[in-house]
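Please treat every number below as a calculation from the coordinates, not as lab data. Bear in mind that the values here come from a model prediction, so they are computed numbers and not experimental data. Counting neighbours? That spans all protein chains shown, and the Cβs are built from the backbone with ideal geometry, glycine included.
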């Protein structure tokens, strides 16, 4: 989400999410031993998965390589593989939820021991529907062990209609107060994502093709930073190869130069990069430097400016993030 509207999924730069010098096999041995004693820690399992991916970059994007290792890990811990995907997703949600301030989360073990993966899942759902002030309050209470899972379920029950009633998304977005930029941003992303999935089924309507897969809030990690891309699309190219698209959703009608500089940092990780906005002035387009622009309206999405392909894209990081999602399908 463009910084034109401050948004909870923009994370400050920080240390790389790794444990320098630690052998992942030693971590795995410790995790399995604790699991056999009935002391499994979902945070430690998530940490192990990330370490394994870092040490096996060529296998992390392989169905056989990663699945085989996860099957062995599942057998050793007596858990279902689906739990591992859940733990991994919970950590990624925690990084977004606690992205700033004293409670900032960069590594799985930064999450307090009392916080369960299930509680983070509930809080992530709440963050997509409830007012920002309430989300911040509940996030702080969860971090400080001051809210029960039952309370989280009740809060989600009270606000779930905001994202589950698809027919009312658009009018509700237009009626939201301007000073709640984060909530407006989350709802706009929901609308855009829904439009991408819907319009993407129609041949030729969008540049992604009808067989594309779309993912929301995908974290990208390099040697120094962690940042979250609003939406990632994986499409099939003319020669049958996978193509990776990064998508930034913008609420404003004009970009500041700093916004384009920020987006330039993202473009190197994708074959194509797109900006989706409500409306842009034509003077802004020359600043896109190869990125494409899609216009969003109540009638759907339309391509205004085609993106240029980045022939030197560094795809390793995005492949490692997206392939696990595809493996679950």
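Among 135-146, 74-85, how do they line up from the highest to the lowest mean number of other beta-carbon atoms within 10 Å?
135-146, 74-85
Sort 270, 293 by Cβ crowding within 10 Å, fewest neighbours at the top.
So the residues, fewest neighbours to most, are 293, 270.
If I take R0 = 30 Å and measure r between the Cβ atoms of residue 72 and residue 241 in this structure, what FRET efficiency does the formula 1/(1 + (r/R0)^6) give, to the nearest 0.05?
Result of the calculation: an efficiency of 0.50.
Going by how many other beta carbons lie within 10 Å of each one, how would you line up 244, 87, fewest first?
244, 87
Please rank 248, 23, 41, fewest neighbouring Cβ atoms within 10 Å first, as an exposure proxy.
Taking fewest neighbouring Cβ atoms as first place, the list is 23, 41, 248.
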